[in-house]
Amino acid sequence: MGEGRLTVRKAWLVAGAVLGTGLSFVMLLVVGVYVVAGNLAGGVGGATRALAKGAVPAAYQNLVQKWGNLCPAINPALLAAQLYQESGFNPRAQSAAAAQGIAQFIPGTWATHGVDGDGDGDKDVWDPNDAIPSAASYDCSLASYVKDVPGNLTENMLASYNAGAYAVIKYGGVPPYRETQNYVKTITTLEESFAAPVSRVDPSKQAAGAIYYAQKKLGTPYLWGGTGTAEQGGRFDCSGLTQAAYESVGITLPRVANDQYNAGPHPARSELLPGDLVFFSKDPTNSRAIHHVGIYVGGGYMIDAPRTGAVIRFDPIDTSEYFGATRVTEDGAKALPTTV
């Protein structure tokens, strides 16, 4: 591809010669981002709900794909979003409220709605082969209760999950409870992170500012666990740098790289734009195994904090461990759970 022929050093020299300052370079990025935005007016539109690459751990991929098509109110990406929100795909998760397993059923709900998903003769809340089918089945049961309520069936189903079907029926749709409205928005927003886009996705308006922040940190020594505090000498690890870069433009990302992957939709390698987060993993089938993240700057390069003994620098992204990318969105970042 043509962009690969231009080294980062040459790209920055050209930018400096034409525009003179780092800030002007950022404005060039902004112009580029908005030119693309103009070309992509109208957004994704009609996006499929097929699962994004590696978004669901391989052990659960087939289960989520199969049971996510159980009824019209759900889809695999929506079911994946619920499981991530509830447990971070942890089959041993247990909450203070006694919710259990990958789908976080409380015992009373499990007793009524748990199913023997794998046909082995028992219903085990700790077994994803039962719990994931049960989550889908419960969603579809709720959808059947509110199928005659006006409005979007999936949103009414999610509202029923949070507030009860009676409240949805009473109010003729998503009830006016802030918690319930936030829950519906959270899951439908997270759904976009688990779905494979069918076309290019809109560029982030904050991307150029995030790059500008990161470029000012070039040459800073790496610190494992570093988030740039004064006590740490302003040093970062990989996800600490990306978190701080987006925090500088008003977007709060989770602390670790594998959660940052869910902060928006996932452009293909050929669709990368400056400001996209790029991720690396030794397991290409599982976003939960991601171990490194950087900020894409164009030309096949990223700014990243690589490892102990190194400094924040430019590195190529096309390595054997390249996993994928995320185009950070404000709503996507806000939807991410604080703990999973």
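Estimate the FRET efficiency between GLN232 and ARG307 by the formula 1/(1 + (r/R0)^6), using the beta-carbon distance for r and 25 Å for R0, to the nearest 0.05.
Numbers: r = 16 Å, r/R0 = 0.65.
The calculated FRET efficiency here is 0.95.
Let me test this: with uniform point scatterers at the alpha carbons of the range 231-340, what is the Debye-based log₁₀ I(q)/I(0) at q = 0.10, 0.11, 0.19 1/Å?
Once normalised to I(0) and log-transformed, intensities are -0.25, -0.30, -0.95.
Taking all pairs of different Cα atoms in the range 213-262, averaging 1/r and flipping that mean, what Kirkwood radius in angstroms comes out?
Details: mean 1/r = 0.0921 Å⁻¹.
After inverting the mean inverse Cα-Cα distance, the result is 10.9 Å.
Project the alpha carbons of the range 257-320 onto their principal axes and report the range along each, largest first, in whole Å.
28, 24, 21
May I ask you to derive the FRET efficiency for CYS140 and TRP224 from their Cβ-Cβ distance with R0 = 45 Å, giving the value to the nearest 0.05?
Values: r = 45 Å, r/R0 = 1.00.
Between CYS140 and TRP224 the formula returns 0.50.
What is the percent carbon and sulfur in the accessible area of the chain, measuring with a 1.4 Å probe over the protein chains and ignoring ligands?
Numbers: 8140 of 15050 Å².
In the chain, the share of accessible area belonging to carbon and sulfur is 54 percent.
If you count only protein heavy atoms and use a 1.4 Å probe, how large is the accessible surface of LEU336, to the nearest 10 Å²?
Probe radius 1.4 Å; accessible area of LEU336 about 20 Å².
Which are the unpartnered cysteines of the chain, meaning those with no other cysteine Cβ under 4.7 Å from their Cβ?
That list is CYS238.
Where in the chain are the helices, taken as whole DSSP H runs, whose Cα atoms extend 27 angstrom or more along the long axis and whose Kyte-Doolittle mean reaches at least 1.6?
Working: long enough: none.
Span-like helices in the chain: none at all.
With no solvent and one equal point scatterer per Cα, compute the Debye intensity ratio I(q)/I(0) for the range 43-178 at 0.11 Å⁻¹ and report its log10, rounded to two decimals.
For the range 43-178 at q = 0.11 Å⁻¹, log10 I(q)/I(0) is -0.39.
Given R₀ = 25 Å, what would the calculated FRET efficiency be for GLU179 paired with THR112, taking r from the Cβ atoms and rounding to 0.05? Kindly include the intermediate steps, with their values, before the conclusion.
Working: r = 23 Å, r/R0 = 0.91.
Plugging the Cβ-Cβ distance into 1/(1 + (r/R0)^6) gives 0.65.
Averaged per residue, what accessible area in Å² does the chain show with a 1.4 Å probe, protein chains only? Intermediate values should be presented prior to the final figure.
Details: 15050 Å² over 340 residues.
Counting only protein heavy atoms, the per-residue value for the chain is 44 Å².
Given 4 °C and 1.567 mPa s, compute D for the chain with the Stokes-Einstein relation, Rh being the Kirkwood radius over Cα pairs; round to the nearest whole µm²/s. Can you show the working numbers first?
On the way: Rh = 21.2 Å.
D, rounded to a whole number, is 61 µm²/s.
Based on the mean of other beta carbon atoms within 10 Å per residue, what is the order of 258-267, 108-117, most packed first? All intermediate terms of the calculation are to be shown ahead of the outcome.
Numbers: 258-267: 24.1, 108-117: 16.0.
Packing order, densest peptide first, comes out as 258-267, 108-117.
Taking the Cα centre of the chain as the origin and placing charges on Cβ (Lys, Arg +1; Asp, Glu -1), which of VAL328, GLY234, PRO254 is farthest toward the positive end of the dipole?
Among VAL328, GLY234, PRO254, the one farthest towards the positive end of the dipole of the chain is GLY234.
With a cap of 16 neighbouring Cβ atoms within 10 Å, and only residues DSSP puts in a loop, list the trypsin sites (Lys or Arg not before Pro) found in the range 275-324. Write out the running numbers ahead of the final one.
Values: sites: LYS282, ARG288, ARG307, ARG313; in loops: LYS282, ARG307.
Within the range 275-324, the qualifying trypsin sites (Lys or Arg not before Pro) (loop, at most 16 other Cβ atoms within 10 Å) are LYS282, ARG307.
For q = 0.25 Å⁻¹, what log10 I(q)/I(0) does the range 178-231 give under the Debye formula with an equal point scatterer on each alpha carbon and no solvent?
Scattering profile of the range 178-231, log10 relative to I(0): -0.97.
Restricting to the chain, compute how many DSSP beta bridges are antiparallel as a %, nearest 5. Walk me through the intermediate numbers first.
Details: 21 of 22 bridges.
Taking every DSSP beta bridge with both residues in the chain, the antiparallel ones total about 95 percent.
Just tell me which lysines come within less than 29 Å, Cα to Cα, of LYS205; anything on the same chain fewer than 8 places away is out.
LYS10, LYS53, LYS185, LYS216, LYS217, LYS334
Name the residues whose placed amide hydrogens come within less than 5 Å of the amide hydrogen of ALA195, ignoring near sequence neighbours (fewer than 5 apart) on the same chain.
The list, which skips near neighbours in sequence, is ALA52.
With the Cα gyration tensor of the range 162-275 in hand, convert its eigenvalues to equivalent ellipsoid semi-axes via √(5λ) and list them largest first in whole Å.
Values: eigenvalues 247, 72, 26 Å².
Here the semi-axes work out to 35, 19, 11 Å.
The values are calculated or read from the model by the stated rules, or taken from the named source; none is laboratory data. Predicted, not measured: the structure shown is a model, and the values here were computed from it. In this analysis, Cβ positions are derived from the backbone assuming ideal geometry, glycine residues included, and neighbour counts consider all displayed protein chains. The accessibility values were calculated without ligands, DNA or RNA, using every heavy atom of the protein model including side chains. Shrake-Rupley method; radii C 1.70, N 1.55, O 1.52, S 1.80 Å.
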